[in-house]
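The values are calculated or read from the model by the stated rules, or taken from the named source; none is laboratory data. Just so you know, these numbers come straight off a predicted model, no measurement behind them. Reconstructed Cβ throughout: ideal geometry from the backbone, glycine too, with neighbour counts over all protein chains shown. Heavy atoms of the whole protein, side chains included, go into the accessibility calculation; ligands, DNA and RNA do not. Shrake-Rupley method; radii C 1.70, N 1.55, O 1.52, S 1.80 Å.
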Amino acid sequence: MTFKSLVAAACMGLMATAATAQDSSVKVGMITTLSGGGAGLGIDTRDGFMLAMKMAGDAAPEVVIEDDQRKPDIAVQLADKMIQSDKVDVLTGIVWSNLAMAVVPAATAQGKFYLSTNAAPSALAGKGCHPNYFSVSYQNDNLHEAAGAYVKNAGYTNPFILAPNYPAGQDSLTGFKRLYGGDLAGEIYTQLGQTDYAAEIAQIRASGADSVFFFLPGGMGISFLKQYAESGLDIPVVGPAFSFDQGILQAVGDAALGVINTSQWNKDIDNAANATFVEAFQAEYGRLPSLYAAQGYDTANLLLSALASADISDAEAFRAALKAADFDSVRGDFSFAANNHPVQDIYVREVIKEGDIFTNKIVGVALEDHSNVYVDECKM
């Protein structure tokens, strides 16, 4: 059989709700967004995670998956159910930082491990860190710090910056300003879930900005970019990967072409683990993977590596196995800082078109072996 057919055979019959091959001694609870606004991000997270589980065969633990509907109260209810009734050992999957803040502290306080596939708010990286909490994605500030460094190095001197008013949005602008370090044409917070950006675009037009940085994940970014293009403004746009990721680009279309964005992952990172992942994901789901899918896949493989070397009932040993990060990341070099957040390269990407598909290519490295500024505040 060819490699592609082997991958397809291994992935055949992948279920959206649970792993079919299970290590019955361990149970994982995935809470993610599968409906409503931002559902595409949660679906990609789930699909990347479950692809790794399927490929692991009998080594895979049981996985229980629930939809948080992007609502903190629902996420809390689901976490309580998974901990009290389903008796999960590990929780994962939350996309949104406000939901993570509602779930993670309570889960780790009850002795559960939480492996973050995406949300990584600063409050959980510094004084609120916990030995059982590992962010496999980044620390929320990181991709925005890289964008700030890019804007500074590119010679822009008067950017206008905006983000939604929730923990990740606040971290994003803090991170951008930290490594940009210069004057701003304007700084505003939008509503979470907002779809009409006429007022913000008018402010940008009147500000004298020479560039625009924005963090608007999911449908928010689609709406903003389309309206920005329709406005006729000719001010360069820079952003983190979240607004220029694979699932979003197809909805944005030509308005995104040429836009510079920052990410710790892209499909053209040249290593064997990434090549396997990209091909396997396409074989199983018929689409290119996104950043969220890549993070889900890495999180699953980190978990599998720890389960292979330590018994989860021995919390200290299992924690050490997670900390060792003994798995082949799709990002290449990957390790954890003292506060259990990644040390990794962050790249500069450009939106391009390959045939009929909008995607990204790496055009440079923004930050090498980058950690986070909250390590010294974490007293683990």
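The combined condition, being modelled with pLDDT of 95 or more, open to solvent by less than 30 Å² (accessible area, probe 1.4 Å) and not in a strand (DSSP E or B), is fulfilled by Asn372. The criterion of being under 27 Å from Tyr297 (Cβ atoms), out of contact with any Ser or Thr (no Cβ under 7 Å at 6 or more places or on another chain) and in a helix (DSSP H, G or I) holds for Ala283. Just wondering, is there one or more residues in segment 229-238 that are part of a helix (DSSP H, G or I), surrounded by 19 or more Cβ atoms within 10 Å (Cβ to Cβ) and touching a helix residue (DSSP H, G or I) at 6+ places or on another chain (Cβ under 9 Å)? No - not one qualifying residue is present in segment 229-238. Of everything in segment 150-167 that is open to solvent by less than 10 Å² (accessible area, probe 1.4 Å) and of a type in the set (A, V, I, L, M, F, W, C), the residue that is nearest to the chain's Cα centre (by Cα) is Ala163. Across segment 252-280, the number of residues qualifying as more than 19 Å from the chain's Cα centre (by Cα), in a loop (DSSP other than H, G, I, E, B) and of a type in the set (Val, Ile, Thr) comes to 1. Residue under question is Ala321, and the condition is that it be at pLDDT 95 or above, over 16 Å from the mean Cα position of the chain (by Cα) and open to solvent by 20 Å² or more (accessible area, probe 1.4 Å); does it hold? Judged against the criteria, Ala321 is not a match.
Scanning segment 281-292 for any residue that is under 14 Å from the mean Cα position of the chain (by Cα), open to solvent by less than 10 Å² (accessible area, probe 1.4 Å), closer than 28 Å to Ile161 by Cα and polar (S, T, N, Q) turns up at least one such residue. Of the residues Leu225, Leu216, Leu249, the single one that is assigned by TED's automatic domain parsing to the domain that holds Asp183, open to solvent by less than 40 Å² (accessible area, probe 1.4 Å) and in a loop (DSSP other than H, G, I, E, B) is Leu216. If you go through segment 197-213, how many residues are open to solvent by 40 Å² or more (accessible area, probe 1.4 Å) and either without any contact (Cβ under 8 Å) to a residue 40 or more places away in the chain or in the same structural domain as Ser290 (by TED's automatic domain parsing) (or both)? The qualifying residues number 5. Against the criterion of being closer than 30 Å to Ser243 by Cα, open to solvent by 10 Å² or more (accessible area, probe 1.4 Å) and in contact (Cβ under 8 Å) with a residue 60 or more places away in the chain, Gly332 qualifies. Could you look through segment 168-186, keep only residues that are more than 21 Å from the chain's Cα centre (by Cα) and either assigned to a strand (DSSP E or B) or among the aromatic types (Phe, Trp, Tyr) (or both), and pick out the one that is nearest to Ala125 (Cα to Cα)? Checked segment 168-186; the qualifying residue nearest to Ala125 (Cα to Cα) is Tyr180. Of the listed requirements (1) under 21 Å from Val88 (Cα atoms); (2) open to solvent by 10 Å² or more (accessible area, probe 1.4 Å); (3) of a type in the set (Ser, Thr, Tyr), Thr299 misses just one: (2). Of the residues that sit in segment 25-81 and are in contact with an Asp or Glu (Cβ under 6 Å, 6 or more places away or on another chain) and assigned to a loop (DSSP other than H, G, I, E, B), which one is surrounded by the most Cβ atoms within 10 Å (Cβ to Cβ)? If we take residues in segment 25-81 being in contact with an Asp or Glu (Cβ under 6 Å, 6 or more places away or on another chain) and assigned to a loop (DSSP other than H, G, I, E, B), then Thr33 is surrounded by the most Cβ atoms within 10 Å (Cβ to Cβ).
Met30 satisfies every condition listed in (1) modelled with pLDDT of 95 or more; (2) more than 21 Å from Ser305 (Cβ to Cβ); (3) not basic (Lys, Arg) except (2). When segment 300-347 is filtered for residues that are touching a helix residue (DSSP H, G or I) at 6+ places or on another chain (Cβ under 6 Å) and among the polar types (S, T, N, Q), the ones remaining, listed by number, are Asn301, Ser309, Ser329, Asn339.
The single condition among (1) in contact with a strand residue (DSSP E or B) (Cβ under 8 Å, 6 or more places away or on another chain); (2) in a helix (DSSP H, G or I) that Tyr189 does not satisfy is (2).
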